[in-house]
1. Once you have the Cα-Cα distance between residue 125 and residue 98, take 0.36 nm times their residue separation minus that, and quote the gain in nm to one decimal.
2. Give the distance, in whole Å, between the Cα centre of segment 141-165 and the Cα centre of segment 14-69.
3. Report the residue, chosen from 29, 76, 127, that carries the largest GNM mean-square fluctuation when the chain is represented by alpha-carbon nodes joined by springs under 10 Å.
4. Just subtract the alpha-carbon distance of residue 49 and residue 159 from 0.36 nm times their residue separation and send over the number in nm, one decimal.
5. Considering only DSSP beta bridges where both residues belong to the chain, give the percentage that are antiparallel (nearest 5).
6. For a protection proxy built on the mean count of beta-carbon atoms within 10 angstrom, sort 32-45, 92-105 highest first, please.
7. Among 54, 134, 108, 2, which comes first, second and so on when ranked by fewest other beta-carbon atoms within 10 Å?
8. On full extension of the chain, what length is gained from residue 7 through residue 137, given 0.36 nm per residue of separation minus the C-alpha to C-alpha distance?
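Coordinate-derived values only; no laboratory data. Fair warning: this is a prediction, and the values are worked out from it, not measured in the lab. Please note: Cβ atoms are built from the backbone with ideal geometry, for glycine as well, and neighbour counts cover all protein chains shown.
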């Protein structure tokens, strides 16, 4: 399996195809209409201006993707990022999501993010299990926040402290109450020699 940076022109259709069953057939995504490949290309272009987006390939087939995104608009949240991972249905439990996330977390930490947040529509034992296996801790639940497929849905929130300390010196030792360095531009795997 190869993990690489996304390319909107090359990967939008594959990402849309992976995501569509989560939108159309489940409440895992609270979107009501599956984004088209053009919608996905725009989404990729917008998100990759500030955050990494990764693709997992098995041979010539895209089998999953993961990305970071802005957590909230207020400035004091700028060291937090939302994260998401999607794997082709039928390819779960093969380490794809775990490999994508681990690589993504390293890039986000190197970029200067400190906290990763994941929202999971409940129930979703597979996603909860993946996130908790990677060290996420539950921090709360939005009750009856979304209505989809004829029912109100809860969304649980999980949080992970990213590797490193976010101050940019690589010592893993937080500098107390001093603000960490500002998050920088997105880190690309291609730029790291990976």
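1. Full extension of this stretch gives 8.2 nm more.
2. Taking the Cα centre of each part, segment 141-165 and segment 14-69 sit 18 Å apart.
3. Highest fluctuation among the options: 76.
4. 37.3 nm
5. 90
6. 92-105, 32-45
7. Ascending Cβ contact count within 10 Å gives the list 2, 134, 54, 108.
8. Length gained, residue 7 through residue 137: 43.6 nm.
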